[in-house]
Amino acid sequence: MGLVFFYYFSRSRFFHHFIKILSHAAFILKSHFRRIDKTTDRSYNFEVFYHVWSVFYLGYTVAQKIISSHLVNGEMKPGNRVGIHIDQTLTQDATGTMAYLEFEAMGVNRIKTELSVAYIDHNTLQTGFENADDHAFIRSAAKKFGLLYSRPGNGICHQVHLERFGVPGKTLLGSDSHTPTGGGLGMLAIGAGGMDVAVAMGGGAYTIVVPKFVNIVLNGKLRPFVSAKDVILEILRILTVKGGVGKIIEYSGEGVKTLSVPQRATITNMGAELGATTSIFPSDEITLEFLKAQNREQDWTELSADQDAAYDETIELDLSKIKPSAAKPHSPDNVETVEKIGKIKIDQVLIGSCTNSSYTDLMTVAKILKGKTVSPTVSLGIAPGSKQVLTMLAQNGALADIIASGARILESACGPCIGMGQSPNSGGISLRTFNRNFEGRSGTKDAQVYLVSPETAAYSAIKGVLSDPTELDFNPTVEMPKHFLIDDNMIEKPESEKDAALLSTVKGPNIKALPKAVSVSESLRATVALKVGDNITTDHIMPAGAKILPFRSNIPKMSEFCFSQVDPEFPKRAKELGTSIIIGGQNYGQGSSREHAALVPLYLGIKAVIAKSFARMHRDNLINSGILPLEFADPEDYDKITQGDVLSLPNCKKELLAKKPITMINETNHSSITLKPSFIERDIELLVDGGLLNHTSKVRG
Ligand code: MIC
Ligand code: SF4
């Protein structure tokens, strides 16, 4: 009787709230003891208590469990803005210089997170002093501020973080859009602009809009030579690059148990291409096995959705029906099966990137290449994702098989994925195991880039034409190693807090001051400097590649390349106008987390971007930089504006503060346009204070 009563009581709302209050108390205690930890080196694990309590929660999804255990402010209701505590951060070198300049500008002496890692993996092609200078700056910042520093050669941030640092149930904020790779381990891993990461390193909460929760139920098992990449390509085909906007995607179902952690990470990695806030898998025995093999068994906690967890949307996927697929040029959602696309002739194959460069991926590739020669008309490049992967391949002989086939071995870094070398020939067809095939990203404007699995890539490299790997007839199974090779000798520790106080950061001549954001003005009158269409990526706004990336810490120089693929005259025009506005379509700013796509427009005098809708990270970056991201109340009003028109917003500040629709007059054609009041309190505060840095300094006093 008593037990029955307790069971029903434990499922009641009252009990749920009671547990919630206890959890918050545990969270506060945990934060308190975490601070004590730093000085006394004692370890208090209140997380364990929390997870025991969370068993009683009514209907929480995996992500909801992590959000609620990290809640700093706000209520976890759909559409609400909430602040969450960030346990770990990561940066890479292309966004890191800005993040550490921003951290320095905030005047905080030491990071407040449990763990923060500064990786060097993007700007590794050193054709001048610039990238090496940036690396030296980041290293000096890591030493001074208390971060781990992953040296160039150690690997791609997401791959290394998965191997060595990711912890189920923790939060990770990274200044890179593919940070959700950590979701493969059951982390709540989110990509954001460098400024947000700087604030999180300083102990500030990260604000998210509580998204919708989507459950993708995986059933069945993948057939041989069909891989995790084909799964996420199929999801992209169904949902498109806008399909994940405002959503967290969770994976469940029997099929989950058939996927290894690296396979799960491939899927969560490309959740970024869906526009999702993040993607996450449960943490189960497979997660435990992976962490054990990485000698990190102690980092494991079990994490799964409650039986009665409520999702906003559910999609079922039968893994056994998935076929080898490819995303055709120039969008990751332009997906078709390899069979349907047919045996097109190819010029280049590249295997690697944070999506597909794990040990198991490359062992499969080695098996396919063993004893074969790459087609004479194809250039095959392979970049293993980390030093761990590369060393293991070298030790077990698989690297010899790869080299013998004629593959060109590239360093363990992003490399061609971000246009750092290996640009294809004019009009060339390139198959890549990467995650983005935006026009021009490869460094060759008219190249045709297809995104495929490692299996499809390796088999096609031998055949010289796009080929379906399920034609192969040997057993491709690669066992997950019982022990990965562990050697963290390329991860440098920071100086002690006492010694660090005497250090200063090292800034080469390429590192220039940050552009200054200002408070939103009472009214705005400006010319439209550029009008663009739907799905404009941050690669359109601020292209990357070997020629431009060295200027990531030099905004004035970078500004010369802003929108260069779309309209090379834009930077000159914007400078001449002094103050101007950009008009965009749907999903403006999709793709990367790079805040340069906001900082450079700020430098060029852009005061507002008016679009049909925005991608999450870019919208945040605009607000952080003090630029108004405004949405048309009626998307058809987009047609009432032409490049060169003069727009005026006579009461924009007053209307913004009152959360009222913003009135805009097109002075050129005398039309009146209404813009949505889509700002919440925090956005307004940031815009009024002149961006996140000014706001943070104000709050800190
Ligand atoms: C990318 O894949 O586009 C990048 C390069 O990793 C970016 C970050 C950057 O621009 O530095 C991302 O994904 O956020
Ligand atoms: Fe690096 Fe490419 Fe991954 Fe971006 S997507 S982090 S450039 S490997």
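For the range 389-429, give me the residue count where each residue is of a type in the set (S, T, Y) and away from ligand 1 (no atom under 16 Å from the Cβ). Steps first, please.
First, the residues of the range 389-429 that are of a type in the set (S, T, Y): 391, 405, 412, 423, 426.
Checking which are away from ligand 1 (no atom under 16 Å from the Cβ) leaves us with 391, 405, 426.
Selection size over the range 389-429: 3.
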Test: residue in the range 216-237 that is part of a helix (DSSP H, G or I) and surrounded by fewer than 24 Cβ atoms within 10 Å (Cβ to Cβ): yes
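Would you tally the residues in the range 443-472 being outside any strand (DSSP E or B), of a type in the set (V, I, T) and touching a residue at least 40 places away in the same chain (Cβ under 8 Å)?
If we filter the range 443-472 for residues that are outside any strand (DSSP E or B), which is where we start, we get 443-447, 452-464, 466-472.
Among the residues that remain, those that are also of a type in the set (V, I, T) are: 444, 452, 456, 462, 470.
Still in the running and touching a residue at least 40 places away in the same chain (Cβ under 8 Å): 452, 456, 462, 470.
Count: 4.
Take the residues of the range 255-293 that are hydroxyl-bearing (S, T, Y) and under 18 Å from Y311 (Cβ atoms): which is surrounded by the fewest Cβ atoms within 10 Å (Cβ to Cβ)?
Narrowing the range 255-293 to residues hydroxyl-bearing (S, T, Y): 258, 260, 266, 268, 277-279, 283, 287.
Narrowing further to those that are under 18 Å from Y311 (Cβ atoms): 268, 277-279.
On the way: T268: 31, T277: 25, T278: 28, S279: 31.
Step by step, filter the range 255-293, then rank; the result is T277.
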Odd one out for D567 among (1) without any contact (Cβ under 8 Å) to a residue 60 or more places away in the chain; (2) outside any loop (DSSP other than H, G, I, E, B): (2)
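For N356, state whether it is in a helix (DSSP H, G or I), crowded, with 21+ Cβ neighbours inside 10 Å and out of contact with any Asp or Glu (no Cβ under 9 Å at 6 or more places or on another chain). Outline the logic, then answer.
Values: in a helix (DSSP H, G or I): no; crowded, with 21+ Cβ neighbours inside 10 Å: yes; out of contact with any Asp or Glu (no Cβ under 9 Å at 6 or more places or on another chain): yes.
Against the criterion (in a helix (DSSP H, G or I), crowded, with 21+ Cβ neighbours inside 10 Å and out of contact with any Asp or Glu (no Cβ under 9 Å at 6 or more places or on another chain)), N356 does not qualify.
Okay, residues lined up against (1) without any contact (Cβ under 8 Å) to a residue 60 or more places away in the chain; (2) farther than 20 Å from F614 by Cβ; (3) in contact with a strand residue (DSSP E or B) (Cβ under 7 Å, 6 or more places away or on another chain); (4) in a helix (DSSP H, G or I):
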site	(1), (2), (3), (4)
E631	yes, no, yes, no
Y638	yes, no, yes, yes
G644	no, yes, yes, no
M664	yes, no, yes, no
Filter result (out of contact with any Cys (no Cβ under 8 Å at 6 or more places or on another chain) and either among the β-branched types (V, I, T) or within 23 Å of R525 (Cβ to Cβ) (or both)) within the range 597-607: A598, L602, Y603, G605, I606, K607
Residue in the range 333-341 that is crowded, with 18+ Cβ neighbours inside 10 Å and outside any loop (DSSP other than H, G, I, E, B) present: yes
Whichever residue in the range 489-548 is of a type in the set (D, E, K, R), within 30 Å of the chain's Cα centre (by Cα) and part of a loop (DSSP other than H, G, I, E, B) and, among such residues, is surrounded by the most Cβ atoms within 10 Å (Cβ to Cβ): K507
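Is the range 104-121 home to any residue that is of a type in the set (A, V, I, L, M, F, W, C), within 13 Å of ligand 2 (Cβ to nearest atom) and touching a Cys at 6+ places or on another chain (Cβ under 7 Å)? Spell out how you get there, then give the answer.
If we filter the range 104-121 for residues that are of a type in the set (A, V, I, L, M, F, W, C), which is where we start, we get 105-106, 108, 111, 115, 117-118, 120.
Right, trim to within 13 Å of ligand 2 (Cβ to nearest atom) and you get 120.
From the residues that got through so far, the ones that are touching a Cys at 6+ places or on another chain (Cβ under 7 Å) too are none.
So far as the range 104-121 goes, no, none of its residues is of a type in the set (A, V, I, L, M, F, W, C), within 13 Å of ligand 2 (Cβ to nearest atom) and touching a Cys at 6+ places or on another chain (Cβ under 7 Å).
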Extreme residue, farthest from ligand 2 (Cβ to nearest atom), among residues of the range 414-470 that are within 18 Å of A272 (Cα to Cα) and among the aromatic types (F, W, Y): Y450
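Taken together, the values in this text are just the output of simple stated rules run on the coordinates, not laboratory data. All values derive from a computational prediction rather than experimental measurement. Heads up, the Cβs are rebuilt from the backbone with ideal geometry, glycines too, and the neighbour counts pull from every protein chain shown.
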